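One structure below.
The values are calculated or read from the model by the stated rules, or taken from the named source; none is laboratory data. Because the structure is predicted, anything quoted here is derived from the model rather than measured. When we count neighbours, we look across all protein chains shown, and the Cβ atoms used for this are built from the backbone with ideal geometry, even at glycine.
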Amino acid sequence: MEASFVVPDDMAAIAVEYKRIRPLMTLLHTEISRLARSDASLACAKRLKMLSKRGGKKAITFVNEMEADIFQDYLVYMYRPRGINLVQQMLNHDRYPQGSDKLLLLQGMAQARFSIFLVQKILPGAGFIAMDSVSGKQFLVLDQSMSQKGEIGMLIGFRIFPYRQVWMHTGAWLALGRATDVAGFEPAGICMNEKQEQELNEKAIFKWRQLVDEMEWDM
């Protein structure tokens, strides 16, 4: 299946704006994570098998810096004790001015969904076109680092949300290998509910961790 996504005419301008606004998402994630209570963090760490005991007390343990980012991403987007996640809670607090960059980002982030994507085409200086391996839908995802070193056929687990006419991802990046037949790749063709999304997110994290462990043993 080849990429057939139509690139917006103002793609260059969108890429410039993305470069300016992207750092604000990191700040937003930090501010949102402060809404999490300790029991929420421990509950997420337990589900992701990142919980250990130190001196008789429960502690969250990360093998590397990437796990810290993956954990934060899961915490702010997947933890839904009363049906809404921390991102939506922050949006409900009405903290940011109308028309501000932070509010624009936050409104998109509240719609974020996780899946595993197949990279179909690299867009130099902008990002890439990816197909959701579950739904089969295509997305133009902004990511300037990926536009420089990404490869067609990569399978990546991450969370995307709408921004302008295209999409952004939330930053936590799970490299899960490569598709052996990009042109013949067939998606599952289903629409996930929230429970299925969470299960896929967790499976992808465990698979990524396994791949990282195998690479370390091979070194």
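Read through the list (1) touching a Phe, Trp or Tyr at 6+ places or on another chain (Cβ under 6 Å); (2) at pLDDT below 95; (3) buried (at least 18 other Cβ atoms within 10 Å of the Cβ), then give the number of the only condition that Ile14 fails.
(1)
Among the residues of the range 147-172 satisfying the criterion of being assigned to a loop (DSSP other than H, G, I, E, B) and among the small types (Gly, Ala, Ser), which is nearest to Ala12 (Cα to Cα)?
Here is the first cut: in the range 147-172, the ones assigned to a loop (DSSP other than H, G, I, E, B) are 150-153, 164-165, 170-172.
Add one more test, that the residue is among the small types (Gly, Ala, Ser), and what stays is 150, 153, 171-172.
Details: Gly150: 19, Gly153: 24, Gly171: 21, Ala172: 25 Å.
Looking at the filtered set, the residue picked out is Gly150.
Filter the range 150-172 down to the residues that are surrounded by fewer than 18 Cβ atoms within 10 Å (Cβ to Cβ) and touching a helix residue (DSSP H, G or I) at 6+ places or on another chain (Cβ under 8 Å), then identify the one that is modelled with the highest pLDDT.
My answer is Pro162.
Would you confirm, using the coordinates I've provided, whether Ala126 is of a type outside the set (S, T, N, Q), touching a strand residue (DSSP E or B) at 6+ places or on another chain (Cβ under 8 Å), surrounded by 20 or more Cβ atoms within 10 Å (Cβ to Cβ) and over 26 Å from Ala13 (Cβ atoms)?
Details: of a type outside the set (S, T, N, Q): yes; touching a strand residue (DSSP E or B) at 6+ places or on another chain (Cβ under 8 Å): yes; surrounded by 20 or more Cβ atoms within 10 Å (Cβ to Cβ): yes; over 26 Å from Ala13 (Cβ atoms): no.
Here the answer is no, as Ala126 does not meet what is asked.
I'd like the full set of residues that are among the small types (Gly, Ala, Ser), farther than 16 Å from Trp173 by Cα and in contact with a Pro (Cβ under 9 Å, 6 or more places away or on another chain), limited to the range 102-155.
Selection gives Gly108, Ser135, Gly136.
Among residues belonging to the range 124-146 that are more than 19 Å from Ala179 (Cβ to Cβ) and part of a loop (DSSP other than H, G, I, E, B), point out the one that is nearest to the chain's Cα centre (by Cα).
The qualifying residue nearest to the chain's Cα centre (by Cα) is Ala126.
Could you look through the range 17-63, keep only residues that are in contact (Cβ under 8 Å) with a residue 60 or more places away in the chain and under 18 Å from Ala204 (Cβ atoms), and pick out the one that is surrounded by the most Cβ atoms within 10 Å (Cβ to Cβ)?
By that ranking, first place goes to Leu48.
Give the residue that is farthest from the chain's Cα centre (by Cα), with candidates limited to residues of the range 17-41 that are of a type in the set (Gly, Ala, Ser) and assigned to a helix (DSSP H, G or I).
Top of the filtered list is Ser38.
In the range 173-201, what residues are buried (at least 16 other Cβ atoms within 10 Å of the Cβ) and either touching a His at 6+ places or on another chain (Cβ under 8 Å) or assigned to a loop (DSSP other than H, G, I, E, B) (or both)?
The answer is Trp173, Ala179, Val182, Phe185, Pro187, Met192.
Looking only at the range 9-57, count how many residues are in contact with a strand residue (DSSP E or B) (Cβ under 6 Å, 6 or more places away or on another chain) and among the polar types (S, T, N, Q).
Within the range 9-57, residues that are in contact with a strand residue (DSSP E or B) (Cβ under 6 Å, 6 or more places away or on another chain) and among the polar types (S, T, N, Q) number 1.
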